[in-house]
């Protein structure tokens, strides 16, 4: 058992009720190359507007690594190919008519196939980009062999989906995915389990075979796979490990059980502005506007693909990111407050005891995007260290990145950090620093030097 004494739970209004409904009226889906770190901005297109595709047909091929393919999550017609800055491909949009037709795959026999044959199949089937390589959360090199593979089976972020509930009917697919992954590493598959729950995690996770299970108890970010890696087997310079989310493990399993690219997603629609927040069943890359339009009536809102700490802002009629299983909708914080933080008696989600919320520990808050302050000088408070359950000095790391001191960056643990890990420090930051942005700058510097 790993007891994590540091951390902070942010309790917000708008948790999804444990009820799954089909996402009716969602007709467009997108593959977004920018979701996959490490591929070229303008990959090779394999389709044109108007083409008909099956779920699993190849849409994009990476120019640097032509063996790396990105496939359609649904069947239908290519509605548009949208480009962003410098003509980089922003998204390929597929219009689905409500029916689903799948490309059939011929997976190798796991008992007899060589690793190279298995890797080649996963690349051709479009499953390879769903694996993320650390450090830097990149699409793995096709020749790389990870030291270990890590999977977190729970999420402690604000309003995060209950993965035990989400995966309760997917045990066979999840185990099949684990068997595939077992052949891709010479090390172990580490499964992080939730010890915070009143009830035991799903039997899907508890009965998983051929994995090493680790129980974690603590506040957010205890559910982050990066935190779990840090406490199980930290990433040192030169190490490569892989991570996957649980629904993508099941997707890989379905390639072998059902012989299709089954991009089905159970997504939690959350936030104070979602009327009757619940879980919906849809597919990877679903149109957000079509998913939430019947549940959100107000206009002055912020739509986030992911959670409020590390998710990405989306505008209406944009699409869910490939690795997300949560949509959060909260009020936009574009109104000024008289006296700001000096207003007496106002409880807000904060680690500071200036506000009275520390007395009401189970209170749920309705939050906006207002940061209640502007960017200031870096103030050394020790707040970062109080909420991050890792043996890392995040404030020193951030300053090393700003100074472009490569040796200090490496020595202070940049290889172990990702956006979701530093996000809790950004929440606690008195200086209003954009820590996730700073971390990405440091990672880009190291990637450029490689």
If you go through segment 309-328, how many residues are surrounded by fewer than 23 Cβ atoms within 10 Å (Cβ to Cβ) and either closer than 23 Å to residue 433 by Cα or not assigned by TED's automatic domain parsing to the domain that holds residue 287 (or both)?
-> 6
Subset of segment 393-412 (residues that are surrounded by fewer than 20 Cβ atoms within 10 Å (Cβ to Cβ) and without any contact (Cβ under 8 Å) to a residue 60 or more places away in the chain) | 393, 396, 399, 402, 403, 404, 405, 406, 407, 408, 411
Taking the options 19, 8, name whichever one is in the same structural domain as residue 133 (by TED's automatic domain parsing) and part of a strand (DSSP E or B).
-> 19
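Which residues, counting only those in segment 25-56, are free of Cβ contacts under 8 Å to residues at least 24 places away in the same chain and in a loop (DSSP other than H, G, I, E, B)? Lay out the reasoning, then the answer.
Residues of segment 25-56 that are free of Cβ contacts under 8 Å to residues at least 24 places away in the same chain, as a first pass: 44, 46.
Result: 46, single match.
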Residues located in segment 298-311, provided they are free of Cβ contacts under 8 Å to residues at least 60 places away in the same chain and either outside any loop (DSSP other than H, G, I, E, B) or touching a helix residue (DSSP H, G or I) at 6+ places or on another chain (Cβ under 8 Å) (or both) = 301, 303, 304, 305
Helices (runs of 4 or more DSSP H) enclosed by segment 205-297 - at least 3 residues per element that are over 19 Å from residue 310 (Cα atoms), under 19 Å from the mean Cα position of the chain (by Cα) and in contact (Cβ under 8 Å) with a residue 24 or more places away in the chain | 246-257
Evaluate the following for residue 441: is it touching a helix residue (DSSP H, G or I) at 6+ places or on another chain (Cβ under 8 Å) and either under 20 Å from residue 313 (Cα atoms) or not assigned by TED's automatic domain parsing to the domain that holds residue 302 (or both)?
-> yes
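Of all residues in segment 286-295, how many are surrounded by fewer than 19 Cβ atoms within 10 Å (Cβ to Cβ) and either closer than 22 Å to residue 92 by Cα or at pLDDT 85 or above (or both)? Before you say what the answer is, go through the steps one by one.
Keep residues of segment 286-295 that are surrounded by fewer than 19 Cβ atoms within 10 Å (Cβ to Cβ), which gives 289, 293-295.
Checking the rest, the ones that are also either closer than 22 Å to residue 92 by Cα or at pLDDT 85 or above (or both) come to 289, 293, 295.
Looking only at that region, the number is 3.
The values are calculated or read from the model by the stated rules, or taken from the named source; none is laboratory data. All values derive from a computational prediction rather than experimental measurement. Note that we place each Cβ from the backbone using ideal geometry, even for glycine, and neighbour counts take in every protein chain shown.
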